Amino acid sequence: AHAENLWLIDKSPFGTLNRHDLSRLREIAKNESWNDDKSLGKPIRLYVSRAGFSRSMRNEDLLESWLVSKGFQILRAEDLIDLRWQAGLFSQAEIVIGPSGSGLTNAVFLPEGAEVIEITSPFFDLPEYTSLFQSIGVKHRRVFLEVSKDLPFGYGEQAIRELQRHFN
């Protein structure tokens, strides 16, 4: 791997992410014109899928189909390989939905006031996400799915029911 510059983001003494570092990263992304293709013209909706990977929900394809019907673009991990493309795409998003996972950290590129809906379970609580989203002025909600030993990450039908409250 080759990098011209490398920035590390540190936590503040209070356990939150350093606002200055996050602001600097966002400013670099903005100034680099990483999103040369503004052809979309309007804010977009993104779903960051974990289908086919560990910690994926059962029947996630049903959730994806439902979200497409609501105007969402589906992103998979294999889509997220170019940082410039990611930054550009997320900088246009008004809302991002996804299961807890590293894909949601792309929210650092969201515009202030955008919304992230994290699909999670009561047993998978990542306070770092809340810290990240608060630090950059992004609204954050969690949708908790019921889980069991046999179904540790929930199922798509349940996620649809929970998310319908947001879209109806």
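The values are calculated or read from the model by the stated rules, or taken from the named source; none is laboratory data. The structure presented is a predicted model; accordingly, all values stated were derived computationally and were not measured. Positions of Cβ are backbone-derived with ideal geometry, glycine not excepted, and every protein chain shown enters the neighbour counts. For accessibility, only protein heavy atoms count, side chains too; no ligands or nucleic acids. Shrake-Rupley method; radii C 1.70, N 1.55, O 1.52, S 1.80 Å.
Couple of notes before you dig in:
- Options ALA77, ALA107, ALA159, ALA87: the member that is aliphatic (A, V, I, L, M) and within 11 Å of the chain's Cα centre (by Cα): ALA107
- Looking at VAL96, VAL68, just one residue is of a type outside the set (Phe, Trp, Tyr), in a strand (DSSP E or B) and at pLDDT 90 or above, and that residue is VAL96.
- The one condition from (1) out of contact with any strand residue (DSSP E or B) (no Cβ under 6 Å at 6 or more places or on another chain); (2) within 20 Å of ARG165 (Cα to Cα); (3) surrounded by 14 or more Cβ atoms within 10 Å (Cβ to Cβ); (4) polar (S, T, N, Q) that SER69 does not meet is (3).
- Within segment 72-92, if we keep just the residues that are of a type in the set (Gly, Ala, Ser) and under 26 Å from PHE167 (Cβ atoms), the residue that is least open to solvent (accessible area, probe 1.4 Å) turns out to be GLY88.
- Scanning segment 72-82 for residues that are of a type outside the set (Gly, Ala, Ser) and touching a residue at least 24 places away in the same chain (Cβ under 8 Å) returns PHE72, GLN73, ILE74, LEU75, ARG76, LEU80.
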